[in-house]
Amino acid sequence: TVALFLLLCSWEGFVQAFDPLQRLFPGPWKTILIWFSEMRVWGPQAFSTGRTLALALLGASALAIPLAFGMVRFRTIRAGIEALFLVLQCLPLFVFTPILVALIGWGWTTVFLPSMLVVVFPLCTSLFKAIERVPKPYLDLFATYQVSSWRLFWHLQLPYALPVFFSSLRVAIATLGTT
């Protein structure tokens, strides 16, 4: 906090000392005033973008959990999802936007779907890898009680993988901020 305060004060002092720079590099207080006065212009767009990115993160999280369950339970689903993720990660994101615009037109969906595609891969992959690392004694205990695969996933594997899932959510949030 002190370093930030000193930086802002030195910035303002530098701009005040060299008056011609104010047109090129306005001081922090002038920048903040302009930022607040123009909020009616950028505010709705920032809210719309934030809402879209939050929904993309929520949608990717909701999609990653069943995909990870399918990858754990069935080898064919695992092979198909891994191949799909490989293709999606090799293609640049800007390839999908013209295709989506041509198919469904420009709108909220053409921003939401690519954003969700960027996030679902790391979430699903990290969740799957964490589920694979559940200790064998835990799995043996659940096998002793003949627990169904869904209950095994819901009561053991998913809770065990949640710390990794939430840390990958942090990475996904940073990834969404750059798209």
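The values are calculated or read from the model by the stated rules, or taken from the named source; none is laboratory data. These numbers were taken from a predicted model, which means no experiment stands behind them. Heads up, the Cβs are rebuilt from the backbone with ideal geometry, glycines too, and the neighbour counts pull from every protein chain shown. All accessible areas refer to the heavy atoms of the entire protein, side chains included, with ligands and DNA or RNA removed. Shrake-Rupley method; radii C 1.70, N 1.55, O 1.52, S 1.80 Å.
Results, tabulated for the structure shown:
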read-out: Cβ-derived FRET efficiency at R0 30 Å, Leu84 paired with Glu132, nearest 0.05; value: 0.95
read-out: Carbon plus sulfur fraction of accessible area for the chain, probe 1.4 Å, in percent; value: 73
read-out: Cut-off 13 Å between beta-carbons: net charge of the residues surrounding Gly70, Lys and Arg +1, Asp and Glu -1; value: +2
read-out: Heavy-atom accessible area ranking, 1.4 Å probe, most first, across Cys9, Cys90; value: Cys90, Cys9
read-out: Residue among Leu91, Leu24, Leu117 with the largest mean-square fluctuation in a Gaussian network model of the chain, springs linking Cα atoms under 10 Å; value: Leu24
read-out: Relative contact order %, the chain, counting alpha carbon pairs below 8 Å whose residues are six or more apart; value: 23
read-out: Chain lengthening between Ser167 and Ser149 when straightened (0.36 nm per residue, less Cα-Cα); value: 4.0 nm
read-out: Dimensions (Å) - segment 6-148, Cα atoms, principal axes, largest first; value: 77, 44, 27
read-out: The chain, accessible area per residue, ligands and nucleic acids excluded (1.4 Å, Å²); value: 67
read-out: Potential extension, Leu33-Leu141 segment - 0.36 nm per residue separation minus Cα distance; value: 32.6 nm
read-out: DSSP H segments from the chain that extend 24 Å or more along their own axis, Cα-based, with Kyte-Doolittle mean of 0.0 or above; value: 39-73, 108-132, 158-178
read-out: Debye intensity ratio I(q)/I(0), log10, segment 72-137, q values 0.13, 0.16, 0.21 Å⁻¹ (C-alpha model); value: -0.48, -0.65, -0.91
